[in-house]
Amino acid sequence: MKSTPVFMSYTRGDLLNLLVLMVLGFVLIPFVVPTDYWYSSILIPWLCLSLAAIGQQIVMGYAGQLALGAAGFMAAGAFALFNLELRLPFLGFPVNLVLSGLVAAAFGVLFGLPSLRVRGIYLMVATLASQFFIIWMIDKFGWFKNYDTSGIITAQDIVIFGREFTAPLEMYLVVLVVVTILTILAINMTRGSTGRNWMAVRDMDIAAESMGISLLKTKLQAFAISAFFCGVAGALFAFTYLKSMEPVAFDIKLSFRILFMVILGGLGTISGAFIGAAFILLFPVVLNTLGNEIFHGMVDATIISSIELVVFGVLIILFMIYEPLGMAKLWENIKARINSRRGAETSMKQNRKAD
Amino acid sequence: MTEFLFFIEVVVAGLLAGTMYSLVALGFVLIYKASSTFNFAQGAMVFFAVLSFVGFMEWGLPFVVAFLVTIALMALVGLATERLVLKPLRNQSEDTLLMATIGLGFVLEGLAQAAWGVEVRRLDLGIGDFPIQWIIDSTGLFISALDLTAGLVAATLIIALALLFKYTRMGLGLRAVADDPGAASSIGIPLGSIMLMVWTAAGIVALVAGMMWGARAGVQFALVDLALKALPVLIIGGFSSIPGAIIGGLIIGATEKVLEVYIGPFFGGAIEGWAPYVLAIFFLLWRPEGLFGEKIIRRV
């Protein structure tokens, strides 16, 4: 089989999308958004969680392995970066960031091993082990936290080539650069032979195997790359958003949130990861603001957070029933409808001209 | 000798605690048998049931009335689930159904907290969580009364359910539905009432499990996470087997306690959090279909 490099198969639409998003992210937002609040409370966590969601998307949406432990790998990445910056500061932040992703990837391979034997809910239980084990390990062994008695560690400042990146806007740009690189990488992987192997395994693993795709390699590769993305995401999340952290910040609830980003956003799409992350992150903010506007603080905050749970649950059920492919597919449908309407209008005009 | 006694004590405490896992796992198995859905919301059902029960008690309802009202409520929840969630999802993939039940879990947790509040409630069943004197006198073992009661209640429930499914028309119907819902309904087995019965049974099991746990640790949100431990139990026992759920629970309960007491100290303790999952992984490598589960055969 002759294969062309993936970047040569980009269409003009792809490049246009990339250009628009790049201008939006690197030029427009830094000019238009002045307040630190937007960077440090919305844009930075959104980008970090989107990256983690891409990791979840790779293992679940593309390789079809039902894993539930993204937060565990995020914790591995975050604490790996903390220790690398502490113990090997001479390597520099970019190298350490990649290394912390690799540490998470090693855990990914280890806990991806059960996927060779089991699938579905069985695999989910097996991956839960990684979630609980990693958090427990960081919690119990003081070395990972530099023997800090409070159990809470403070992330070091980000220094790249001697320049400090500490202001919200600067950190946003750092995160954006990393997320951009990894997203392009992810898109290339999913469009290339790697991604095709994943999808073949997802759609029917026995058939894929009989066609000569190595299940061992494909599945473990998916777990490793997924954990790498989650690890880098966790490291960025810790160093640019949380700043001081304890292992509990990466508990099973975060894993569930990332799972829902992928499900609601749309399984098997990279854009779904971003849409899902935006929704999961913004929805509670919107609901809280609405609740305060309508009830003027008469309703307890805990009640609002309970209602938030209910609405999330109902949304998941509705999406599963009516659009299992999530918001990304919903968006595609809307676009297709607009296009077909426009198409119908132009053809009507042409008909009129013909008359 | 005292060391051996201590070992027995640890194992017994583990086994009795394991019956509580068995109870939650039993709820999973019941629903799995009847509608071949893995009901991830079972943990949330435990929380929902016991929180409602405590809420009704706080309204001043007597114990028995509150118990019955809660069971009726759980049956209602089950019917609504069957009608609104599972029916529209018929013929969808197992993973899709699983996601939907995760969503259902969130709905139940949210509803329970919105209705009854988020603070930790105490549940006093009148059974203390302290060793029983006559057992100490006769055997020298320290065994908690609450553990013992939980074990007995669980055993009674399990035997009752097993008899119900084995010897009644309803039970026969259930087994037919589990085998092939289409064929079962075409020969006139009332699917609706079978489902009602199964969801009621799952509700009772959830409520009892919640009461036992609530009496020990307080009725609180953490129950949902505890109920997650029923998952490794199911892996070990198999999803469709009632005896499997029981034995899986006992194995997990006992192993987790023994590991915690004898191996935990070398690792800084609290290995209970992940030990059951790792145990489940080893079981998966050995017997992916569980101890009593049906062998999974997959074809292209």
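Annotations for the structure displayed:
- Qualifying residue in the range A:72-85 (condition: within 11 Å of chain B (Cβ to nearest Cβ), among the aliphatic types (A, V, I, L, M) and under 21 Å from A:Ala186 (Cβ atoms)): no
- Selection count where residues are assigned to a helix (DSSP H, G or I) and of a type in the set (Val, Ile, Thr), scope the range B:160-198: 3
- Residue that is surrounded by the most Cβ atoms within 10 Å (Cβ to Cβ) [pool: residues in the range B:88-101 that are part of a helix (DSSP H, G or I) and at the interface with another protein chain (Cβ under 7 Å from one of its Cβ atoms)]: B:Ala100
- Only one of the listed residues (A:Ala186, A:Ala224, A:Ala200) is within 14 Å of chain B (Cβ to nearest Cβ) and under 17 Å from A:Gly61 (Cα atoms). That residue is A:Ala200.
- The residues on offer are A:Asp148, A:Asp157, and the sole one that is touching a Ser or Thr at 6+ places or on another chain (Cβ under 7 Å) and either on the phi < 0 side of the Ramachandran plot or of a type outside the set (D, E, K, R) (or both) is A:Asp157.
- The residues listed here are A:Ile294, A:Ile307, A:Ile317; of these, the one that is in a helix (DSSP H, G or I) and at pLDDT 90 or above is A:Ile317.
- Against the list (1) away from every other protein chain (no Cβ under 12 Å); (2) surrounded by fewer than 23 Cβ atoms within 10 Å (Cβ to Cβ); (3) of a type in the set (A, V, I, L, M, F, W, C), the condition B:Ala49 fails is (2).
- Every residue from the range A:123-176 that is part of a helix (DSSP H, G or I) and among the polar types (S, T, N, Q): A:Thr127, A:Ser130, A:Gln131
- Whichever residue in the range A:29-59 is among the aliphatic types (A, V, I, L, M) and over 21 Å from A:Leu282 (Cα atoms) and, among such residues, is nearest to the chain's Cα centre (by Cα): A:Ile58
- Pairs where the first residue, in the range A:11-27, is within 14 Å of A:Val177 (Cβ to Cβ) and the second is in a helix (DSSP H, G or I) and open to solvent by less than 70 Å² (accessible area, probe 1.4 Å), C-beta under 6 Å, 6+ apart: A:Gly25/A:Leu176
- Qualifying residue in the range B:77-87 (condition: without any contact (Cβ under 8 Å) to a residue 60 or more places away in the chain, open to solvent by 20 Å² or more (accessible area, probe 1.4 Å) and assigned to a loop (DSSP other than H, G, I, E, B)): yes
- Per-region count, the range A:86-125, residues small (Gly, Ala, Ser), within 14 Å of chain B (Cβ to nearest Cβ) and open to solvent by 10 Å² or more (accessible area, probe 1.4 Å): 1
- Flag not set for B:Lys257, criterion: open to solvent by 20 Å² or more (accessible area, probe 1.4 Å), under 24 Å from B:Leu291 (Cβ atoms) and within 12 Å of chain A (Cβ to nearest Cβ).
- Residue within the range A:136-146 that is of a type in the set (Phe, Trp, Tyr), within 14 Å of chain B (Cβ to nearest Cβ), over 24 Å from the mean Cα position of the chain (by Cα) and surrounded by 19 or more Cβ atoms within 10 Å (Cβ to Cβ) present: yes
- Whichever residue in the range A:169-194 is open to solvent by less than 30 Å² (accessible area, probe 1.4 Å) and within 17 Å of A:Gly268 (Cα to Cα) and, among such residues, is modelled with the lowest pLDDT: A:Gly192
- Sole residue being under 17 Å from A:Leu68 (Cα atoms) and part of a loop (DSSP other than H, G, I, E, B), chosen from A:Gly231, A:Gly268, A:Gly276: A:Gly268
The values are calculated or read from the model by the stated rules, or taken from the named source; none is laboratory data. Predicted model only: the values in this text are computed from it and were never measured. As a convention, Cβ positions derive from the backbone with ideal geometry for all residues, glycine included, and neighbour counts pool all protein chains shown. Ligands, DNA and RNA are excluded from the accessible area calculation, which covers all protein heavy atoms including side chains. Shrake-Rupley method; radii C 1.70, N 1.55, O 1.52, S 1.80 Å.
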